[in-house]
Amino acid sequence: MTYRLPEEVEALRRAVQELAETRIRPRAAEVDREGAFPWDYVQWLREHDLFALGIPEEYGGLGAGLLALAVATEELSRVDAVAGLLVAVQELGTLPIILAGTEEQKRRFLPRCASGEWLAAFGLTEPEAGSDAAGTRTRAVREGDHYVLNGLKHFVTNAGVAGVYVVFASTDPQRGAKGITAFIVEADTPGFSIGRLQHKMGIRGSTTGELVFRDARVPATNRLGEEGEGFKIAMATLDRTRTNIAAQAVGIAQGALDLALEYAKGRRQFGQPIAEFQGIQFMLADMAMQTEAARQLLYRACARLDEEETTLRRLPAEASRLSAMAKAFASDVAMKVTTDAVQILGGYGYMVDYPAERMMRDAKITQIYEGTNQIQRLVIARSLLDG
Ligand code: CAA
């Protein structure tokens, strides 16, 4: 494993940094305060071709791989986790189509997602099926050349703003995980609507909400893969996309470290900058160590996953383990580092005038979504014990 990333990835990092500093940083506090979806971010990401990163070139994308995606997500999240999430969820919503779609489906959906004309979303979670994703209750029943879907998905990122949703529903409840089937649901599908949008602790500019299916008629040509293949598609997707959440976490941690360093150098107490107190120096040293360790584990996981073909074939245990490790480790680091940043800023850290408290609120979700860190530890332990 090399410690230098490929030059094209570093060039991407510089381009994304510039976008983040010049356009996104001035907007981040407002987006958080208003909790309104930032369509201006979407426009800037489109202009920089950042929605194209994970999509193969033959479908209008850049085919850049998970390492490049991680670096873009990291640099956006360093300034605003909501911006990083836009790139991460485009991958989450399109990867099932890349992994399991027919040629016709790929041609129909991927180019419009690569350009960012359509945002994508991933509807797996339900009120009674969170960590236990195989407990999906949404039903899909075949009727001629359609499937009729009934049920409710919730906690779906990009709900209401996406043009295309990959949704998991049971076509055979007796078969549990093996009865789940994946569908591509277009936003204007009859019988499909958006329910409640959640008010959240963090990532407030991103939408999170319910997908409601009342006799929704999805053409059979929008079924992804075979009946019963849905759980496998979901797991194969999450195995890879968890690195994007790790990247979001590394970015948030780095943003908090940057802020704490700058503050500690400028803030004077007892006649000197607080950065000259060893107590603060040790905190900064730990924050930097933890962030760098998370980053290296993330890059290692991405490089390992990029060695594998993007197919439905199950990943080697060691590759999916690295992905789960990166997600759990980096998100725990983000929570720790942002909490310490608030502490270094003291009373100011607790105020909304500085971004430290926003970063701390945003960090929390990275320990929860795309599989809680308890689920990541389960995946890691199972792969150690089985492998
Ligand atoms: N790749 C391919 N197949 C897999 C797999 C993987 N990684 N993991 C499991 N499978 C297969 C198994 O092989 C098994 O099939 P066979 O019986 O043929 O072998 C089948 O799937 C069932 O597997 P398990 O018995 O291991 O399933 P389980 O019920 O114990 O669950 C789990 C496993 C890892 C806990 C899984 O349920 C899980 O990942 N839960 C978390 C869900 C999650 O991440 N949700 C987040 C949704 S996205 C989001 O957060 C919102 C957003 O918009 C950002």
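The values are calculated or read from the model by the stated rules, or taken from the named source; none is laboratory data. Because the structure is a prediction, the values reported are computed rather than measured. A quick note on method: Cβ atoms are made from the backbone with ideal geometry, for glycine too, and the neighbour counts reach across all protein chains shown. Only protein heavy atoms, including side chains, enter the accessible area calculation; ligands, DNA and RNA are left aside. Shrake-Rupley method; radii C 1.70, N 1.55, O 1.52, S 1.80 Å.
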Surface per residue (accessible, 1.4 Å probe) for segment 230-386, Å²: 45 Å²
With DNA, RNA and ligands ignored, accessible area of V352 (1.4 Å probe; Å², nearest 10): 110 Å²
Whichever lysines have a C-alpha closer than 16 Å to that of K200, once near sequence neighbours (fewer than 8 apart) are set aside: K364
Computed over the chain: relative contact order in percent, which uses C-alpha pairs under 8 Å that are six or more apart: 16 percent
Charge dipole of segment 120-224 about the Cα centre (unit charges at C-beta), most positive-ward option of A187, A169, S131: S131
Which of M351, A247, T102, positive extreme of dipole for the chain (C-beta unit charges): M351
Surface accessible to a 1.4 Å probe, per residue, for the residues of segment 120-224, Å²: 41 Å²
Cα convex hull volume per residue for the chain (Å³): 131 Å³
Cα-only radius of gyration and Dmax that characterise segment 7-114, units Å: 14.0, 43
Helix-only [θ]222 nm of the chain, DSSP H runs n ≥ 4, -39500 (n - 2.57) each, per residue, nearest 500: -17500 deg cm²/dmol
At most 11 other Cβ within 10 Å, DSSP loop - GluC sites (Glu not before Pro), segment 311-387: none
Å² per residue, accessible surface of segment 7-114 at 1.4 Å: 37 Å²
Carbon and sulfur %, accessible surface of segment 96-238 computed with the full protein complex present, 1.4 Å: 49 percent
Percentage relative contact order, segment 7-114, counting C-alpha pairs under 8 Å, at least six apart: 29 percent
Solvent exposure, largest accessible area first (probe 1.4 Å, DNA, RNA and ligands not counted), of F270, F231, F192: F270, F231, F192
Ratio Rg/Rh [Cα only; Rh per Kirkwood] for segment 122-176: 0.98
Segment 225-378: equivalent-ellipsoid semi-axes (sqrt of 5 x gyration tensor eigenvalues, Cα, Å): 37, 15, 10
Within straight-line cross-link reach of K106, lysines at Cα separation under 21 Å, skipping those fewer than 8 residues along the same chain: K232
Total charge dipole magnitude, the chain, about the Cα centre, Cβ charges on Lys, Arg, Asp, Glu only, Debye to nearest 20: 780 debye
Gain upon complete extension [D188, E307; 0.36 nm per residue less C-alpha separation]: 39.1 nm
Whole-Å semi-axes of the ellipsoid equivalent to segment 54-166 (Cα gyration tensor, √5λ, descending): 26, 20, 11
Peptides 121-132, 358-369, 194-205, 336-347 ordered by average Cβ neighbours within 10 Å, highest first: 358-369, 336-347, 121-132, 194-205
Translational diffusion coefficient (Stokes-Einstein; Kirkwood radius from C-alpha pairs) of segment 175-227 at 20 °C, 1.002 mPa s, in µm²/s: 162 µm²/s
